[in-house]
Structures are given as structure tokens and as C-alpha cells.
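The block underneath contains the structure these notes are about, expressed in C-alpha cells.
Read-outs throughout are calculated quantities, based only on the coordinates presented, and are distinct from any laboratory measurement. Everything quoted here is computed from the prediction, not taken from an experiment. Note that we place each Cβ from the backbone using ideal geometry, even for glycine, and neighbour counts take in every protein chain shown.
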Amino acid sequence: MDDGLDAPAERTLSQCLALAPEESCAIVTDARREPIANALYEAAETITDDVTIARYPVGNQHGEEPPAPVAAALAGADVALAPTTKSLSHTTARVEATEAGTRMATLPGITEEVFGVGLEADYKAIGAACRRLFEQVGDADQLRITTPQGTDLTVQTGDRSWREDTGLVHEPGAFSNLPAGEVFLSPATGEGRVVVDGTMMPHGRLGPDQRIAFEVTDGQVTTVEDDALAGELAAAAESVEEDAYNLAEVGIGTNVGVTELLGSVLLDEKAAGTVHVAIGDDHGIGGDVVAPVHLDGILTDPTVYADGEPVELPAEGPR
């Protein structure tokens, strides 16, 4: 095992997934994430004899369904991890696996740097931060987010429920995106303007003077002021039409161990004191839209109101 990967791999299996000797474990990956997958495999081997690793070709886009044998491996295991280049978080394969009782963590786009920073965190502290935040927003009907950069977005909960991503995946059917640390919602609808100044694909970490802005009307993204993002959404719309422009998620980061945005959406959206807003698929997080895209934009220095009351964020957050 790579010495730089062994500690976070062991923490992932023991603290986050609580893998037990009598349980089966499946790890699915691709050629670009093999070092991390191998570290997880070797850590799992020290706990259980029933561990499998499966590699498949790198997907074309986030949210693309994996091959059938990979989906079967996920659904057939007690514990599953997916360190992959393209995200499996919002796939039917992931949803069906967790509905079948697999407790699972996806690690989309994970790099060795992000693995080290994000998985060396104290997940008990992150869980406590999630609970404190959830107490403030869990019963709210409306959430408003503003930033000095120009964001002013109001979303309605409707019949949707807020969820916690603590990174502690201990119950059958539980799911987390690792590194973890957020409280999030797939809103029923929303209105306003979003100005991303942190991280967003396909760009990564935005430059000091770079911004990505889009308008939201009745829960749909109606105007995108960035050619690259507009192109990603247009490509997805070829197969799912207006569902590609769905306002999919609003999340608040709770990972107090993340003090700097590294350009990885996987890590940066968890940074305590940030908010992220996503476009596209939401069927795996409480919504009803199935789309081959789920694009998160991270906002720094937000102010959040739940039913008009200021929300105390977990930390000041990165700038």
C-alpha cells in the first residue's frame, strides 16, 4: 500500500463504513483511480476475507450508468465503495444498490491529495456539525442564500426533506459521498440568481476574477452566463430536454477540516461555511428528475436564511 494512502484508506473502512469481518465488500473503479482503489482493497483485506475489486472503462460523463456486472457487484455487497473518475452518486445502479441494503460510499473524481485531506478528517466532529445545522434548517419551508458576489436565490422545500451527509455510513442502505460533510436538499422549486465564485465543472477552481452566473425561474435554470457550462447542459438536454436544467440541489458544507478550495467539487462542496447549488439530476437525493448530468457550483462567503431567520454556518469557511 502507498504510505500516503494507507491512513485515509483505513479510516474510510473503519470509521466511515464500519466494515465488519463477517461482511462482504465490493470496490469498483477505473484505470485513473486505481491507486486509491488498491489502497481501499488492501485496507478491506485486513478486516474481511470477502472483498472484491472491479475495474471498468472511464465513463463519458457524471451520472452515466455503469456496466451491468458493476451494478450487480454493488447491489450484491454489504459494503461498497466507488472511487471513480465519473460519479456514480446519481445513478440508478447506486440507488438500487442502497435500496437493496448495500451501505455505500462514492468517491467521484477523487485524487490522492483530496483523499488525504478529506478522509483524514474527524468524522465524528463532522457528524456533530451536520446535526447542529440540520436543527436550524430541517423544518424550514424556505431557504434564501445571498453572497457579496451577487447570488440571491430562494428555494422552497415543498414535500422534500433535508438530508445529512455525515460520512458515517453504518446502517443498511445508508449512502455517503466521500469526502463527506454537508446538509442538503433537492428543492421543490426556486427563484433567483446564482453567481458561482468557488469551484464548478467544467472549469474547476475559478480564478480570482472569474464568475459563473445563471438565473433560476420556477425551479429551472433559464439563462447561463458561461459558454462551457451552457455547452455541458445543452449536451445533456439532447437526451432529457428540459430536465437537464433542473435546479437539483442546495447544500451547505460542514467539513471543518477543509480550509482551502482545491478545485475538486467532491471536496470543495463539503467545505464548512460554503453553499453549493447543483443543476440536473436529483433522483438519488430526494427529487424526481433523472438526467445524465449533475453539476455543482460552490459559493463562498454566503449568508443563509431559513424561513427568514439567519442560519449559523459551521465555520467561517475558505475564501
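Listing for the model above:
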quantity	calculated
Cβ-defined net charge surrounding THR91, 13 Å radius [Lys, Arg +1; Asp, Glu -1]	-4
Amide H within-cut-off set for PHE175, under 5 Å, with H built and near neighbours excluded	MET104
Segments 275-282, 236-243 sorted - mean Cβ within 10 Å per residue, highest first	275-282, 236-243
Helix-derived mean residue ellipticity, 222 nm - over the chain, DSSP H n ≥ 4, -39500 (n - 2.57), to 500	-7000 deg cm²/dmol
Cα shape, the range 3-119, gyration tensor, a/c 1.5 rule	oblate
Residues whose placed amide H lies under 5 Å from that of LYS86, excluding near-sequence neighbours	GLY59, GLY109
Among ARG193, ARG103, ARG55, residue whose mean-square fluctuation peaks in a GNM of the chain (springs only between Cα atoms under 10 Å)	ARG55
Translational diffusion of the range 106-199, µm² s⁻¹ [Kirkwood Rh, Cα pairs; Stokes-Einstein; 25 °C; 0.890 mPa s]	162 µm²/s
Positive-pole candidate from GLY173, THR92, VAL183, dipole of the chain, charges at beta carbon	VAL183
Peptides 149-157, 133-141 ordered by average Cβ neighbours within 10 Å, highest first	149-157, 133-141
Projected label distance in nm at ASP141 and SER161, using a 7 Å step from Cα toward the beta-carbon	2.0 nm
Cβ-placed point charges (K, R +1; D, E -1), dipole of the range 55-203 about Cα centre in debye, nearest 20	120 debye
Proportion of all alpha-carbon pairs of the range 178-310 beyond 19 Å (%)	46 percent
Helical segments meeting 18 Å axial Cα length and Kyte-Doolittle -0.5 threshold in the chain (DSSP H)	123-137, 227-240
Inter-label distance for GLU65 and GLU171, nm, one decimal - labels placed 7 Å from Cα along Cα-to-Cβ	2.9 nm
Distance between the range 277-319 and the range 134-177 - C-alpha centres, whole angstrom	7 Å
Within-13-Å neighbourhood charge of GLY287 [Cβ basis; K, R +1; D, E -1]	-4
Dimensions (Å) - the range 171-223, Cα atoms, principal axes, largest first	43, 30, 16
The chain, relative contact order [Cα under 8 Å, separation at least 6], %	16 percent
Residue (of GLY287, PHE214, ILE145) at the positive-pole extreme of the range 123-310, dipole from beta-carbon charges	ILE145
Ascending count of other beta-carbon atoms within 10 Å, so fewest first, for ASP227, ASP6, ASP30, ASP197	ASP227, ASP6, ASP30, ASP197
37 °C / 0.692 mPa s Stokes-Einstein diffusion coefficient of the chain, Kirkwood radius on C-alpha pairs, µm²/s	170 µm²/s
Residues LYS270, LYS86, sorted so that the one with the fewest Cβ neighbours within 10 Å comes first	LYS86, LYS270
Cβ charges +1 (Lys, Arg) and -1 (Asp, Glu), total dipole of the range 123-310, debye	760 debye
